[in-house]
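Asks: Would you mind keeping the following structure in view while I ask a few things?
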Amino acid sequence: MNATIFEVVDAAVRRYAQKYFMLCLVAMVLFTLLYYGLGVVPREFYRELATNPYIQRTDIHRQNYFQESPLLPVLAHLTGLGSRWAFNAFCFTFLAVGFVFLMRASRRRYGAFWALLLLGALLAHPVTLVLLSWLGMPDSMTFLITALLLYTRRSWVMVVLVLLGSYNHPIMMFVAPAVLGLRLLARENGLAYRHLAFVVLGAVGGWLAVRFFLHVNSIAVVSRAAYMGDQNLAFWIKYNLTHLPLALFSFHNVIWFALGACLLVLARFDKRYVLAFLTLQFLFYGITFFCLDTTRVFALLAWAPAWHCLVYALQRTEAASFALRRQLERLLVVVVMMGLLAPTYYSYLGELYFPGQNEIHFWSWIKSRP
């Protein structure tokens with residue numbers, strides 16, 4: 001009986017993942033870097049703040065909400081990494097460390113084939129495009145801390161990570177409970193509901209640390225809530241309706257198809273998890289609704305829950321049915337390959353932005369040569 005194209009591709013990926021894991025991974029990373037390129041955030045608030053993070057910086061922007069995220073600029077200030085090259089290389093380092101951690105953790109726990117699938121899905125996810133396109137944001141540190149939260153079981157580590165993450169950016173106060181909640185629903189060994197208390201403790205501690213930093217340095221900020229409230233509801237509705245289908249697709253891009261398949265599979269085994277995951281997507285969009293950098297905010301909130309969903313679906317099918325697991329794996333192989341090759345974009349200020357618009361973009365440079 002002749003094998004289908006899906007079976008042939010699956011067998012090839014499985015074989016190369018086992019024999020040449022690092023070569024395949026490096027090839028995917030290099031392709032992603034060449035395809036997406038590198039770009040610096042359009043308004044470099046945090047790099048400018050690093051020159052002196054201890055005073056009120058309305059000279060950078062009159063709405064200095066960014067001073068509620070002091071960790072990255074303070075670290076850059078203390079280490080002297082304030083130049084444009086050094087600051088953005090500093091940010092890129094956090095991304096690289098986070099990716100290497102996920103590579104080691106996934107390969108050790110799930111084997112080479114699943115690890116390659118998961119890392120490929122991460123590279124295809126819009127969070128990678130946003131992180132590479134907007135270097136200079138606290139997002140790189142948020143990414144690293146979120147990656148660590150996907151696998152840590154130690155209570156004190158959770159407290160420290162969430163405290164630092166919340167001190168770095170308030171988005172962590174939403175990400176951390178979401179990630180831990182899904183891990184608890186999946187009944188991971190070594191986790192109990194008391195760990196939620198440690199996550200809350202870390203989030204409160206990070207928030208208080210930011211308030212203390214601002215108070216000690218006599219910095220009055222325009223809060224993010226006040227910044228969002230500067231516009232009325234009609235503005236936000238109109239803004240969100242601009243390119244709505246495309247904006248919604250940009251939240252997970254092609255990985256939506258992988259998530260859809262995983263949720264359909266999980267609906268047979270764990271409806272509570274499926275309901276929780278879908279609820280998180282709506283809650284994340286509720287937050288994103290009042291943000292101008294639409295894809296960035298949603299992707300930072302949602303990439304780790306998406307990673308966990310893929311892992312959990314693979315684990316449940318492995319325990320339940322060999323045939324079902326193989327079907328899911330083959331589908332994920334195809335979706336990940338499509339995600340790596342398909343056109344990708346992000347939504348910002350109601351407009352769509354593509355990789356070729358980054359400052360450093362290989363293919364654009366090639367086309368511009370005489």
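The values are calculated or read from the model by the stated rules, or taken from the named source; none is laboratory data. For clarity, every value in this text was computed on a predicted model and none was experimentally measured. With ideal geometry, Cβ positions are generated from the backbone for all residues, glycine too; neighbour counts draw on all protein chains shown. The area values use the complete protein model at the heavy-atom level, side chains included, leaving out ligands, DNA and RNA. Shrake-Rupley method; radii C 1.70, N 1.55, O 1.52, S 1.80 Å.
Asks: Any residue that is in contact with a strand residue (DSSP E or B) (Cβ under 7 Å, 6 or more places away or on another chain) and hydrophobic (A, V, I, L, M, F, W, C) - is there at least one of those in region 47-60?
Replies: Here is the first cut: in region 47-60, the ones in contact with a strand residue (DSSP E or B) (Cβ under 7 Å, 6 or more places away or on another chain) are none.
No: zero hits.
Asks: Against the conditions (1) over 22 Å from G350 (Cα atoms); (2) open to solvent by less than 80 Å² (accessible area, probe 1.4 Å); (3) within 21 Å of the chain's Cα centre (by Cα); (4) touching a residue at least 60 places away in the same chain (Cβ under 8 Å), where does F257 fall short? Just the number, please.
Replies: (2)
Asks: Every residue in region 153-169 that is touching a helix residue (DSSP H, G or I) at 6+ places or on another chain (Cβ under 6 Å) and either open to solvent by 10 Å² or more (accessible area, probe 1.4 Å) or modelled with pLDDT under 95 (or both), please. Break it down stepwise before answering.
Replies: Keep residues of region 153-169 that are touching a helix residue (DSSP H, G or I) at 6+ places or on another chain (Cβ under 6 Å), which gives 155, 158-159, 161-163, 165-169.
The answer is S155, V159, L161, L163, Y167, H169.
Asks: Out of everything in region 198-212 that is within 17 Å of L180 (Cβ to Cβ) and out of contact with any Pro (no Cβ under 9 Å at 6 or more places or on another chain), what residue ends up being least open to solvent (accessible area, probe 1.4 Å)?
Replies: Ranking the candidates gives G202 first.
Asks: Which of the residues spanning region 334-356 are at pLDDT below 90 and of a type outside the set (V, I, T)? Explain how you work it out, then say what you get.
Replies: At the first step, the residues of region 334-356 found to be at pLDDT below 90 are 342-344, 348-356.
Residues satisfying the conditions are A342, P343, Y348, L349, G350, E351, L352, Y353, F354, P355, G356.
Asks: Only one residue in L248, L208 is more than 25 Å from N168 (Cβ to Cβ), without any contact (Cβ under 8 Å) to a residue 40 or more places away in the chain and not basic (K, R), so which one is that?
Replies: Numbers: L208 fails: more than 25 Å from N168 (Cβ to Cβ).
Answer to the check: L248.
Asks: Yes or no: region 94-110 includes at least one residue that is touching a helix residue (DSSP H, G or I) at 6+ places or on another chain (Cβ under 8 Å), modelled with pLDDT under 95, surrounded by 20 or more Cβ atoms within 10 Å (Cβ to Cβ) and assigned to a helix (DSSP H, G or I).
Replies: No - not one qualifying residue is present in region 94-110.
Asks: Confirm whether R316 is basic (K, R), open to solvent by 10 Å² or more (accessible area, probe 1.4 Å) and closer than 16 Å to V254 by Cα. Step through it out loud before you land on a result.
Replies: Working: basic (K, R): yes; open to solvent by 10 Å² or more (accessible area, probe 1.4 Å): yes; closer than 16 Å to V254 by Cα: no.
So R316 fails the test.
Asks: A follow-up question, please. Please specify each residue of region 170-185 satisfying the condition of being open to solvent by less than 20 Å² (accessible area, probe 1.4 Å) and either more than 29 Å from F269 (Cβ to Cβ) or not in a helix (DSSP H, G or I) (or both).
Replies: The answer is I171, M172.
Asks: From the residues in region 45-56 that are within 17 Å of N168 (Cβ to Cβ) and not aromatic (F, W, Y), which one is nearest to the chain's Cα centre (by Cα)?
Replies: Applying the filter and picking the extreme gives R47.
Asks: For V74, state whether it is in a helix (DSSP H, G or I), surrounded by fewer than 18 Cβ atoms within 10 Å (Cβ to Cβ), touching a helix residue (DSSP H, G or I) at 6+ places or on another chain (Cβ under 9 Å) and modelled with pLDDT of 95 or more.
Replies: Values: in a helix (DSSP H, G or I): yes; surrounded by fewer than 18 Cβ atoms within 10 Å (Cβ to Cβ): yes; touching a helix residue (DSSP H, G or I) at 6+ places or on another chain (Cβ under 9 Å): yes; modelled with pLDDT of 95 or more: yes.
Yes; evaluated as a whole, the condition is true for this residue.
Asks: Determine which member of the set V159, V200 is free of Cβ contacts under 8 Å to residues at least 24 places away in the same chain, among the β-branched types (V, I, T) and out of contact with any strand residue (DSSP E or B) (no Cβ under 9 Å at 6 or more places or on another chain). Walk me through it before giving the result.
Replies: Numbers: V159 fails: free of Cβ contacts under 8 Å to residues at least 24 places away in the same chain.
Step by step, each of V159, V200 is checked, and only V200 is free of Cβ contacts under 8 Å to residues at least 24 places away in the same chain, among the β-branched types (V, I, T) and out of contact with any strand residue (DSSP E or B) (no Cβ under 9 Å at 6 or more places or on another chain).
Asks: List pairs: first residue in region 290-305 and within 13 Å of T128 (Cβ to Cβ) and aliphatic (A, V, I, L, M), second residue open to solvent by 10 Å² or more (accessible area, probe 1.4 Å) and part of a loop (DSSP other than H, G, I, E, B) anywhere in the structure, Cβ distance under 6 angstrom, at least six positions apart or on different chains.
Replies: L300/I171
Asks: With the requirement that a residue be open to solvent by less than 30 Å² (accessible area, probe 1.4 Å) and outside any helix (DSSP H, G or I), what does region 262-290 give you?
Replies: Taking region 262-290 and keeping what is open to solvent by less than 30 Å² (accessible area, probe 1.4 Å), we get 262-263, 265-266, 270, 273-274, 276-277, 280-281, 284, 288.
Matches in region 262-290: D270 only.
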